[in-house]
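I have placed the structure first, in the form of C-alpha cells, so that the comments after it can refer back to it.
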Amino acid sequence: MSYFTKLNLAFIGISLLLTGCSSLEPWVQPYEREILADPIMSFAREPSIDSHFSHVYEVREGAHGGGTSVGGGCGCN
Amino acid sequence: MNHLTFNLNHKTQQIILSLLLIGLFTFNCEMSEAAVLADDRADIMTHYYSGGNVTAQGPALLVRKGNDKSYSIFASYYVDNVTSASIDVEAQASEYTEKRDETALGVDYLYNDTITSISYNSSEESDYLSDNVNLDMSQEFFGGTTTFNIGYSAATDTVKRVDNDFNEELNRYRYRLGLSQILTPNWITSFGFESIAEKGYLSNPYRSARVLGAYVPELSPSTRTSEAYSIRSLTYFDWRGSVRFDYRAYTDTWGIQSDTVEIGVSKYLGSKNILEISYRTYSQNKANFYSDNFSAEMVYMARDKELSTFTDTTIKAKYTYHMFENDNGFFSKGTFTSSIGLIQFDYDDFTHYQTGEKYSYKATVAQILLSLWF
C-alpha cells in the first residue's frame, strides 16, 4: 500500500470517527465567546497580507506547506 | 510509463477521496448548529519585496460576496513585477525583469454545519505556469467549539526558459488536515498537517551546481514528498491584547528538516487602532544532494541556496486603523492596514561566488491594505 493510499484512508477514517459527535455539549457556551469574536483573536485577520508573506517565504525557504499559500508560481530566480 | 501510472493513481485517488469526503461530511453531523460563511469583503493591497538584489512589487485584489446563507464566491488577482539580479543570476546570467500574474476563483458552499470550498488558481509568468485546483471542507463540532478542516489540491506546473524552447512538467498534490479548538473563553488553538507530493522537473533550469569550482547544470531528483506539522495558539489578555504562538516542524525526502517559530503580540491602542509586533525564526539543514562546491560529480547535484543550511529571522510590525463602522451605508466597515517586515538571511554553507565568504542578506517586505466590508 503506497504512502498516499494510506494517507487517503487516514483522511476517510478521521471523518468516520467524527460521525455523530456534534451532539456533545460544548464547554465554552456561545454567550461566552464575545472575546473570541474580537478581530485580534483571529488567526487570519488580513488574509491578503498573510498570503503575501507565505509566498515570500515559500520561494526562499526549503520548507513548504502548512501555511496559507496554496498557489504556485515561482518568481524566485 | 511510471509517470503515467503516478498520474492515474493520484487522479483516481482524488476522485474517490473527493466523493467520500463530500458524502461523509454531508451526512455526519446533519443536526448540528449552523456554521457561518466568511464576510462579504473587498481587499485592495499593494505589496513590496526587496532583498538580495531582487525586487518584486505590485497590486493585489480580493473580493468576496455571498448571500449570507448558503454560498460565498471569491476572486483574487495578484501581480508580481520582478526585477532580479540575485546572486544565483549574477553568477551565471544577467539581470532580468518579468511579470507574474496570479488569478483565483472559488466558491464556499454552506450546508448544515459543513462549508465546502472549491477553487481554482492560476499563476503565469514568462517561464513558469501553474494551474491549481483546490477542494477544502470544514465542519464544526461540539456546538462550534471544534472545527475540523480537510483539504486537497492538485497542481500542474510548466517550467520553461525564456531563451530557448526548454519545457518540462511538474505535478504537485497537497493533502491537508486541520483542527481548531476553543479551549477557554479567551484561548483558541489549532493543529495542522500538510503533506505534499511532487513529481516531475524539480530543478531550476537557470541554476548550476559547482564541481571543483566549475559550473555544471544542476539536477534534482524528480520526486519529493514532504510533511509539515503545525500548532498555533492565540490567547486574549486583560490589557486589551492577544499573544499568538506558532510552531511548524517540516521534513521531506530530500533530507531537509526545518523548524519555524513565530510569536506575535497584538494590542489595541485606543478604540480604533491595533498594533501587532511579531518575531519569526526559521532554520533548516541542507538537502542531501546540496553542496556549495562538489568534490566529484554526483547523480544529483544542486547549489540552490534554498536547499542549503541556513536560518532567517523576521521582525514584523503591523498597524490597523478602523476607519468607520456603519450599518446603514453600502460599506458596513472599513480598515486601513500597513505592515512591514525585515528579514535577515544567514547561510552556513552557501558562499558568495566572488568573495568565497558565507552569504547573507537583508530583505524588506511591506504591504498597504484597504479592506472594505459590505
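Of all residues in the stretch B:178-218, which are hydrophobic (A, V, I, L, M, F, W, C) and within 10 Å of another protein chain (Cβ to nearest Cβ)? First the steps, then the outcome.
Taking the stretch B:178-218 and keeping what is hydrophobic (A, V, I, L, M, F, W, C), we get B:179, B:182-183, B:187-188, B:191, B:193, B:196-197, B:202, B:209, B:211-212, B:214, B:216.
Residues satisfying the conditions are B:LEU179, B:ILE182, B:LEU183, B:TRP187, B:ILE188, B:PHE193, B:ILE196, B:ALA197.
Run B:ALA91 past the list (1) within 17 Å of the chain's Cα centre (by Cα); (2) outside any strand (DSSP E or B) and report the number of the one that doesn't hold.
(1)
Being more than 24 Å from B:ARG280 (Cα to Cα) and touching a Ser or Thr at 6+ places or on another chain (Cβ under 9 Å) is the filter here, so list the residues in the stretch B:325-351 that pass it.
B:GLU325, B:ASN326, B:LYS333, B:GLY334, B:THR335
Condition first: part of a strand (DSSP E or B), aliphatic (A, V, I, L, M) and out of contact with any Leu (no Cβ under 8 Å at 6 or more places or on another chain). Now tell me which residues in the stretch B:177-232 satisfy that.
Within the stretch B:177-232, the subset part of a strand (DSSP E or B) is B:177-184, B:187-200, B:208-211, B:214-217, B:219, B:223-232.
With aliphatic (A, V, I, L, M) added as a condition, the list becomes B:177, B:179, B:182-183, B:188, B:196-197, B:209, B:211, B:214, B:216, B:219, B:228, B:231.
Once the filter is applied, which keeps residues that are part of a strand (DSSP E or B), aliphatic (A, V, I, L, M) and out of contact with any Leu (no Cβ under 8 Å at 6 or more places or on another chain), the stretch B:177-232 yields B:LEU177, B:LEU179, B:LEU183, B:ILE196, B:ALA197, B:VAL211, B:ALA214, B:VAL216, B:LEU219, B:ALA228, B:ILE231.
Of all residues in the stretch B:138-161, count the ones that are in a strand (DSSP E or B), of a type in the set (D, E, K, R) and over 30 Å from A:TYR31 (Cα atoms).
2
Can you find a residue that is at pLDDT below 60, within 8 Å of another protein chain (Cβ to nearest Cβ) and closer than 27 Å to B:ILE368 by Cβ anywhere in the stretch A:35-42? Let's see the steps before the verdict.
Initially, the stretch A:35-42 is screened for residues at pLDDT below 60, giving none.
No, there is no match, as no residue in the stretch A:35-42 is at pLDDT below 60, within 8 Å of another protein chain (Cβ to nearest Cβ) and closer than 27 Å to B:ILE368 by Cβ.
Within the set of pairs 6+ apart or on separate chains, which have a first residue in the stretch B:123-134 that is touching a residue at least 12 places away in the same chain (Cβ under 8 Å) and facing another protein chain (nearest Cβ under 7 Å), a second that is outside any strand (DSSP E or B) and among the β-branched types (Val, Ile, Thr), and C-beta atoms under 6 Å apart?
B:ASN134/A:VAL70
It is to be established whether one or more residues within the stretch B:94-101 are within 11 Å of chain A (Cβ to nearest Cβ), aromatic (Phe, Trp, Tyr) and within 20 Å of B:ASP304 (Cβ to Cβ).
Checked the stretch B:94-101: at least one residue is within 11 Å of chain A (Cβ to nearest Cβ), aromatic (Phe, Trp, Tyr) and within 20 Å of B:ASP304 (Cβ to Cβ).
Taking the stretch B:224-244 on its own, how many of its residues are closer than 25 Å to B:THR311 by Cα and more than 11 Å from every other protein chain (Cβ to nearest Cβ)?
Number satisfying all stated conditions: 0.
Return the residues of the stretch B:349-359 that are surrounded by fewer than 16 Cβ atoms within 10 Å (Cβ to Cβ) and not basic (Lys, Arg); say none if nothing qualifies.
Filtering the stretch B:349-359 down to residues surrounded by fewer than 16 Cβ atoms within 10 Å (Cβ to Cβ) leaves B:352, B:354-358.
Selection gives B:HIS352, B:GLN354, B:THR355, B:GLY356, B:GLU357.
List, please: which pairs have Cβ atoms under 6 Å, are six or more places apart or on different chains, and start with a residue in the stretch B:361-374 that is more than 10 Å from chain A (Cβ to nearest Cβ) and in contact (Cβ under 8 Å) with a residue 40 or more places away in the chain and end with one that is assigned to a strand (DSSP E or B) and hydroxyl-bearing (Ser, Thr, Tyr)?
B:THR364/B:SER50
So is B:SER226 surrounded by fewer than 19 Cβ atoms within 10 Å (Cβ to Cβ) and within 20 Å of the chain's Cα centre (by Cα) or not? Can you show your working first?
Numbers: surrounded by fewer than 19 Cβ atoms within 10 Å (Cβ to Cβ): no; within 20 Å of the chain's Cα centre (by Cα): yes.
It is false that B:SER226 is surrounded by fewer than 19 Cβ atoms within 10 Å (Cβ to Cβ) and within 20 Å of the chain's Cα centre (by Cα).
The values are calculated or read from the model by the stated rules, or taken from the named source; none is laboratory data. The structure displayed is predicted, hence computed values, not measured ones. Here Cβ is always computed from backbone atoms with ideal geometry, including for glycine, and neighbour counts include all displayed protein chains.
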